[in-house]
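Here's the structure, in structure tokens; my notes come after.
The values are calculated or read from the model by the stated rules, or taken from the named source; none is laboratory data. Keep in mind the model is a prediction, meaning the values are calculated, not measured. Note: ideal-geometry Cβ built from the backbone for every residue, glycine included; neighbour counts use all protein chains shown.
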Number of protein chains: 2
Amino acid sequence: MLQPANADGCGPLAIIAGGGSVPIAIAEAVTQRGRRVVMFPVRGWADPTAVEKFAHYWLPLAQAGVFRRHARAEGCRDVVFVGTALRPPLRSLRIDWLTLRLLPRVLHAYRGGDDHLLSGIARVFEDYGFRIVAPHEVAPEILMPTGPVGSLSPSERDRADIALALALLEATGPFDMGQAAVVAANHVLAVEAAEGTDAMLARIAELRARGRIAAPSGTGVLVKAPKPGQDRRFDLPAIGPRTVEEAAQAGLAGIAVIAGDTIVAELAAVAMAADRAKIFVVGINGDLSRQ
Amino acid sequence: MLQPANADGCGPLAIIAGGGSVPIAIAEAVTQRGRRVVMFPVRGWADPTAVEKFAHYWLPLAQAGVFRRHARAEGCRDVVFVGTALRPPLRSLRIDWLTLRLLPRVLHAYRGGDDHLLSGIARVFEDYGFRIVAPHEVAPEILMPTGPVGSLSPSERDRADIALALALLEATGPFDMGQAAVVAANHVLAVEAAEGTDAMLARIAELRARGRIAAPSGTGVLVKAPKPGQDRRFDLPAIGPRTVEEAAQAGLAGIAVIAGDTIVAELAAVAMAADRAKIFVVGINGDLSRQ
């Protein structure tokens, strides 16, 4: 079994990075706090240019051995999983020997939803002496604050849409699917499952263009919330400037996410994008009565 | 107020027809039973060629006066609403005087989900002396039977996927959104909201083509079920040969719908399409333990 080089939790931080700008934002925040970062961008998911400025080792999917070898050599014990992940067809994977030994447990995890998959993988890493930490444990400044980001706030009608979307996400939570929904004028327009938030917002834009949505442009809210009981160490909902642009293109009035339970890749850029697109972006408490 | 020409429920049947093949299947079944049918195809929704063989009056949306005038002249009291409907942007409607008088109630209905909208419109029609009847009241042979249609049946794994999808649809029922979901290998791939079943299946096909779905082709089930407490007089889930083809293109193992609570446009054609595509189509009871 692996004995990590350091066991005090203060050595270099390994970041296993999926797609999007969130892994980079976290790497920058942790570096600024004075902790060394070693990136493990996942091939096919992570942005090649963005990882250049950090020490990094490309990680082929299902090659746990590659990670273990380099992480051990770098003295990393703490590991962050972050960024968007695609669920690849199992048959497309080239599986190494270490992964093969882990496979029964990963396969078992694979049969469930995303939470099962991620928790299963995390347990495997922990068995090898690594410690999975939440992105916001190492960089709390990346969490969404309470209240509006940018100059606009949700209207009364928007608040009703937000409340309906939160109730819906609570109802779908046990099914371990998406973390996002779009509600406009008290009507559920979309619920996220395998397609991801980007594709869901693109669908709304397309339905609007085809005249399939009754609510006028400028109504409707994208709401993202963690699943009830979700392991906060990975797969927290995330938004960034691109989410704001996509929500605006979908003709929505704004975006609501759970304050303290959502990662914001670039807060200042999100505020600017929101003001430019004339939509609100708000961090809410789960309990709407406290808004 | 309108006094319909006949009040015994046995005069000609008015069919307000949306898109798809279901309205035509119902018109044919009712005609074969010896009852005269007058079609009111909705402009922009209904297939122009298919209504040709029946007495018909094109109905512009939001022109309730047109329907009332012709239905009265034809002596229709019973009205069936059937076929796929698009929810048009309110501002795109040219509203006639009768509709204008009804508008406050329709607008109130419009703010909710589909059920609210349809129930609201039905109440308006009933206030004018019409009687809204369920499609299967006038043509019970269009309802899905129990058991497999075609030669294939769901496997044990398919049954587990069906059970998960039914539980999900029960949980989303109170939100008055879609009536369909796709589950593959215990993983929720899609839930229908504003996009409709066709677009949802096209999305699965596209995600599969892009390698975004882990479960191999030939796994996964489309499940359609009425919303809990839904008014059975309209908007029952419906499938037809095209649904079968689309489910096959999405790489699913089959389709499960609620027996007796689902309209099947052309049962023989559905069975043929299922066998050709090598997928199952099964009518289940809501209670899976009785399968």
Residues being more than 11 Å from chain A (Cβ to nearest Cβ) and under 25 Å from B:Gly20 (Cα atoms) - total across the range B:197-226
10
Which ones in the range A:198-237 are in contact with a Gly (Cβ under 6 Å, 6 or more places away or on another chain) and crowded, with 19+ Cβ neighbours inside 10 Å?
A:Arg208, A:Val221, A:Lys227
For residues in the range B:12-30 being surrounded by fewer than 23 Cβ atoms within 10 Å (Cβ to Cβ) and under 18 Å from B:Glu141 (Cα atoms), which is nearest to the chain's Cα centre (by Cα)?
B:Ser21
Could we say that B:Asp235 is charged (D, E, K, R), within 15 Å of the chain's Cα centre (by Cα), under 24 Å from B:Ile26 (Cα atoms) and at pLDDT below 90 here?
yes
Spot the failing condition for A:Ala194; the list is (1) surrounded by fewer than 19 Cβ atoms within 10 Å (Cβ to Cβ); (2) within 14 Å of chain B (Cβ to nearest Cβ); (3) modelled with pLDDT under 90, and only one is missed.
(1)
When you look at A:Ala134, is it at pLDDT below 95, within 13 Å of another protein chain (Cβ to nearest Cβ) and out of contact with any Leu (no Cβ under 6 Å at 6 or more places or on another chain), yes or no?
no
Only one residue in B:Ala273, B:Ala256, B:Ala269 is in contact with a helix residue (DSSP H, G or I) (Cβ under 7 Å, 6 or more places away or on another chain), over 20 Å from A:Gly178 (Cβ atoms), at pLDDT 90 or above and surrounded by fewer than 22 Cβ atoms within 10 Å (Cβ to Cβ), so which one is that?
B:Ala269
Out of the range B:147-183, which residues are assigned to a strand (DSSP E or B) and out of contact with any Pro (no Cβ under 9 Å at 6 or more places or on another chain)?
B:Gly147, B:Val149, B:Ala181, B:Val182, B:Val183
Could you list, in sequence order, all residues of the range B:173-188 that are surrounded by fewer than 24 Cβ atoms within 10 Å (Cβ to Cβ), within 7 Å of chain A (Cβ to nearest Cβ) and farther than 20 Å from B:Pro216 by Cα?
B:Phe175
